1. Of the numbered conditions (1) surrounded by 15 or more Cβ atoms within 10 Å (Cβ to Cβ); (2) in contact (Cβ under 8 Å) with a residue 24 or more places away in the chain, Ser78 satisfies every one except a single condition; which is it?
2. List the residue pairs whose Cβ atoms are under 7 Å apart, where the first residue sits in the stretch 39-68 and is more than 20 Å from Gly19 (Cα to Cα) and of a type in the set (S, T, N, Q), the second is at pLDDT below 95 and in a helix (DSSP H, G or I), and the two are 6 or more positions apart or on different chains.
3. Taking the criterion of being farther than 21 Å from Leu13 by Cβ and either modelled with pLDDT of 95 or more or over 15 Å from the mean Cα position of the chain (by Cα) (or both), would at least one residue in the stretch 116-134 satisfy it?
4. Restricting the search to the stretch 6-33, which residues are under 15 Å from Ala137 (Cα atoms) and exposed (fewer than 15 other Cβ atoms within 10 Å of the Cβ)?
5. Considering each residue of the stretch 52-73, count those that are crowded, with 18+ Cβ neighbours inside 10 Å and β-branched (Val, Ile, Thr), and give that number.
6. Looking at the stretch 137-148, can you tell me whether even one residue there is aromatic (Phe, Trp, Tyr) and out of contact with any Leu (no Cβ under 8 Å at 6 or more places or on another chain)?
7. Of all residues in the stretch 131-152, how many are without any contact (Cβ under 8 Å) to a residue 60 or more places away in the chain, closer than 25 Å to Pro5 by Cα and surrounded by 15 or more Cβ atoms within 10 Å (Cβ to Cβ)?
8. Filter the stretch 112-129 down to the residues that are closer than 18 Å to Leu84 by Cβ and either surrounded by 15 or more Cβ atoms within 10 Å (Cβ to Cβ) or in contact (Cβ under 8 Å) with a residue 24 or more places away in the chain (or both) and list them by number.
Amino acid sequence: MTDTPASYRRTALILTAAGAIPFLGFSVATATLEAPTNATAGLWLQTYAAVILSFLGGIRWGVSLGEGPPDSTTLLLSVLPALLGWVILPFAIILQPAAYWYLALAALFLAQLAWDWSSASLPAWFKPMRLGATVAAMGSLVFAWAAMEFGF
């Protein structure tokens, strides 16, 4: 694997940190706003989570294409985050305010992180960045779950 220029890594880190802002903002809004606005903020958080899960799956798809002929299992696994995130959204809307959908999305982030962390295909600098972003995403989702579940 070729060395990644420091300027590229810095840009990726800045964009990743900026991508955490909606997670943090929507989770705080979910916890602090009055009903029904807090539920709307929660739905925005869940929607954003599904979009980011799609993005993470796209990263894995792209990496597999760069390695030569992609293996079918990798391609299948790379679309699962998008599909599962997309499937969760209608349930979150219909069964709202069922708070456990936040936990389902957090579990998907954890599964994606485990796959990314175990991959030799991803550059070493990417993994700590993904860990930080996943902690922010999962923490926000769990915080929103707790806010909706326990009403704080």
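The values are calculated or read from the model by the stated rules, or taken from the named source; none is laboratory data. Bear in mind that the values here come from a model prediction, so they are computed numbers and not experimental data. Glycine also receives a Cβ, built like all others from the backbone with ideal geometry; neighbour counts cover every protein chain displayed.
1. Unmet condition: (2).
2. Here the result reads Ser64/Thr74; Ser64/Leu75; Ser64/Ser78, each pair linking the stretch 39-68 to a residue that is at pLDDT below 95 and in a helix (DSSP H, G or I).
3. Of the stretch 116-134, the ones farther than 21 Å from Leu13 by Cβ are 118, 120.
Subsequent filtering for residues that are either modelled with pLDDT of 95 or more or over 15 Å from the mean Cα position of the chain (by Cα) (or both) retains 118, 120.
Taking every residue of the stretch 116-134 in turn, at least one turns out to be farther than 21 Å from Leu13 by Cβ and either modelled with pLDDT of 95 or more or over 15 Å from the mean Cα position of the chain (by Cα) (or both).
4. Matches in the stretch 6-33: Leu15, Ala17, Ala18, Ile21.
5. The total comes to 2.
6. First, the residues of the stretch 137-148 that are aromatic (Phe, Trp, Tyr): 143, 145.
Pick out the ones that are also out of contact with any Leu (no Cβ under 8 Å at 6 or more places or on another chain) and you get 143.
Yes, the stretch 137-148 contains a residue that is aromatic (Phe, Trp, Tyr) and out of contact with any Leu (no Cβ under 8 Å at 6 or more places or on another chain).
7. Residues meeting the conditions: 1.
8. Just the residues of the stretch 112-129 that are closer than 18 Å to Leu84 by Cβ, to begin with: 112-116.
Scanning the stretch 112-129 gives Gln112, Leu113, Trp115, Asp116.
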